[in-house]
Amino acid sequence: MNIDFIGCASHRLNLAVEMYFAGKYNDIVEKIHKIMVHLNSSANIRGVLAEFTDALPEKRNATRWTSASKMVIKYSKKLHSIIGEHYQTLRIHTSMVLTTADKELVDQFVLESTDILGAIVDLQSASVTMLDIRLVFDYLIKNYPGMQSYLSAEAGIVRCVNFENGIVKLNACQNGETVQFTDDEIEAIKPFKK
C-alpha cells in the first residue's frame, strides 16, 4: 500500500536555517561560543562576571540552531559591552574580544535570527495549515536566499510533492481562493476532497 504523507515542516526549517547560518555566521558563532565556554570555565570567572551582570554565560547546543541564536542574542544584548570593558578582569585573551567588524556581523545575525524566530512562532499555532506553512516558507525563501533547497515546494526533501502541493491548494480553496490543481495533485489528494 502506497500512502502519501507530509514531512515535518519544523525539520525542513531547521535544516534550512542551519545551512544558511553555517555558511554566513559559523566563525562568529564559534568565537562567541568560545567566550561563553571561557566565562563558564571556573567559579572564579563566573564570580567576577556576576559583579557586572546577572546574565549567565550560555553555550550553544550543536543540534539546534535556536540555541546558537539564543547564545548570540544574549551575548549581544547583555555581555558584549561588559566583556569589552572588563576583558582583562575576566581573563579573556585579546584575541577572543570581538572586533568592530565582528560586532557588525553579530548585529546582522541577531536581526536575521530574530526575524526567523518570529516566523517559527507563526508555525507553532494549533490551527496552522499547510497553506500557512507554505506562506512562511515562501517568505523565508524570498528574504534568505539559499533556503529554497529545503523550503521550496519542490525541494528534494519533499517526498510527496503532488500531495503536499495539493493539500496547500485545498487549504487555499477552504479560504475562498480560486486555484488550479494539476491532474497529479487531484489524484494525490483524492481521499481528502469533498
Helices (runs of 4 or more DSSP H) (entirely within the stretch 1-96) containing at least 3 residues that are closer than 30 Å to Ser125 by Cα and either in contact with a strand residue (DSSP E or B) (Cβ under 9 Å, 6 or more places away or on another chain) or polar (S, T, N, Q) (or both): 65-74
Where a residue in the stretch 163-181 is within 12 Å of Arg134 (Cβ to Cβ) and among the charged types (D, E, K, R) and its partner, wherever it lies, is surrounded by fewer than 20 Cβ atoms within 10 Å (Cβ to Cβ) and at pLDDT below 85, with Cβ under 6 Å and at least six apart: Glu164/Ile6; Glu164/Val158
Options Glu185, Glu154; residue that is in a loop (DSSP other than H, G, I, E, B) and on the phi < 0 side of the Ramachandran plot: Glu154
In the stretch 15-50, the residues that are of a type outside the set (Asp, Glu), within 18 Å of Arg64 (Cα to Cα) and open to solvent by 20 Å² or more (accessible area, probe 1.4 Å): Leu15, Met19, Tyr20, Ala22, Gly23, Lys24, Asn26, Lys31, His33, Lys34, Val37
Ile133 surrounded by 14 or more Cβ atoms within 10 Å (Cβ to Cβ), closer than 24 Å to Ala22 by Cα and touching a residue at least 60 places away in the same chain (Cβ under 8 Å): yes
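The values are calculated or read from the model by the stated rules, or taken from the named source; none is laboratory data. Computed from a predicted structure; not experimentally measured. All Cβ positions, glycine included, derive from the backbone under ideal geometry; neighbour counts span all protein chains shown. Surface accessibility is based on the protein's heavy atoms, side chains included, excluding ligands, DNA and RNA. Shrake-Rupley method; radii C 1.70, N 1.55, O 1.52, S 1.80 Å.
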